[in-house]
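These notes concern the structure reproduced below.
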Amino acid sequence: KQEVTQIPAALSVPEGENLVLNCSFTDSAIYNLQWFRQDPGKGLTSLLLIQSSQREQTSGRLNASLDKSSGRSTLYIAASQPGDSATYLCAVTGSGTASKLTFGTGTRLQVTL
Amino acid sequence: GAGVSQTPSNKVTEKGKYVELRCDPISGHTALYWYRQSLGQGPEFLIYFQGTGAADDSGLPNDRFFAVRPEGSVSTLKIQRTERGDSAVYLCASSFLFNSPLHFGNGTRLTVT
């Protein structure tokens, strides 16, 4: 059974810092990996999707990397802003169950002024 | 609207009652998913529709849960004989294709008293 772990569970950084969020998964046979952002009381917003054949994806200040063989992904946020404060969730789709995302429990990020 | 719409946003019901939760996906999205999110946890997969058919319902916890998508657009999640343990946020998502990024609604917060 696929298990997804995210470290740290919570993180507080001052505005302007670069930061890295970590995600690990137990079964490397994945179809893709996605990073999502969730604001309190809201649904999830897809930030980046990395196919299993890719090593990284970039969108603005965000960069996500994937090392499938070691079961790890990182989300790098450059020059953090207070508006980045949210919970960040990592999710993988198994190669045998392409319809089903398995989520981690998230990293709650707070960017302070 | 441009996004996934879920109604109601909040539902309070008594133990043993029947509830229906509605999801209106993004127009043209063929894939529709239901997830359930408990407090402090990542979303857990319930069911996936491709068009009108349930392609994967392996996440439904028991036979009290049922979902339909009769015309390949709007979906309804139905819960019979609700229990307090069913209390959670029920999230709906849609995607253009099953391997495309998911777009989530804001969820329905179900509270069973």
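Read-outs throughout are calculated quantities, based only on the coordinates presented, and are distinct from any laboratory measurement. Since this is a predicted model, take the numbers as computed values, not measurements. Cβ placement follows ideal geometry from the backbone for every residue including glycine, while neighbour counts extend to all protein chains displayed.
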Problem set entry | Tail beyond 34 Å, pair distance distribution of the protein assembly as shown (Cα, percent) | 14 percent
Exercise. Mind checking the dipole of the range A:8-113: about its Cα centre, +1 per Lys or Arg Cβ, -1 per Asp or Glu Cβ, Debye to the nearest 20?
Worked result: 220 debye
Problem set entry | Positive-pole candidate from A:94, A:22, A:70, dipole of chain A, charges at beta carbon | A:94
Problem set entry | Once the Cα gyration tensor of the range B:30-86 is diagonalised, semi-axes √(5λ) in Å | 20, 14, 9
Problem set entry | Fewest-first sequence of A:39, B:63, B:86 by Cβ atoms within 10 Å of each Cβ | B:63, A:39, B:86
For this session: For chain A, count the residues as N, evaluate 2.2 N^0.38 Å, and divide the Cα radius of gyration by that value, please.
Result: 1.01
For this session: Give me the net charge of residue B:8's neighbourhood, meaning all other residues with Cβ under 12 Å from the Cβ of residue B:8; Lys, Arg count +1, Asp, Glu -1.
Result: +2
Problem set entry | Once the Cα gyration tensor of the range B:1-62 is diagonalised, semi-axes √(5λ) in Å | 21, 16, 13
Seminar exercise, completed: From fewest to most C-beta neighbours within 10 Å, the residues B:39, A:49 line up as B:39, A:49
Exercise. Residue farthest toward the positive end of the dipole of chain A, with Cβ of Lys/Arg at +1 and Asp/Glu at -1: which of A:57, A:110, A:33?
Worked result: A:33
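Which order do A:68, B:15, A:1 fall in if you start with the one that has the fewest other Cβ atoms within 10 Å?
Least to most surrounded, the residues fall as A:1, B:15, A:68.
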Exercise. Taking chain A as a Gaussian network, where each spring joins two C-alpha atoms under 10 Å apart, which residue of A:18, A:32, A:63 fluctuates the most?
Worked result: A:18
For this session: Grab the other residues whose beta carbon is less than 10 angstrom from that of residue A:73, score K and R as +1, D and E as -1, and report the net.
Result: 0
Seminar exercise, completed: Measuring from its Cα centre, the protein assembly as shown shows a charge dipole (+1 at each Lys and Arg Cβ, -1 at each Asp and Glu Cβ) which, in debye to the nearest 20, is 360 debye
For this session: Could you work out the local net charge near residue A:109, counting Lys and Arg as +1, Asp and Glu as -1, over the other residues with Cβ closer than 14 Å to its Cβ?
Result: -1
For this session: Report the label-to-label distance for residue A:110 and residue A:22 in nanometres (one decimal), using points 7 Å from each Cα along the Cα→Cβ vector.
Result: 2.2 nm
Problem set entry | For chain B: relative contact order, % (alpha-carbon pairs under 8 angstrom, 6 or more apart) | 37 percent
Exercise. Which Cα, out of B:76, B:30, B:16, lies furthest along the positive dipole direction of chain B (beta carbon charges, K/R +1, D/E -1)?
Worked result: B:16
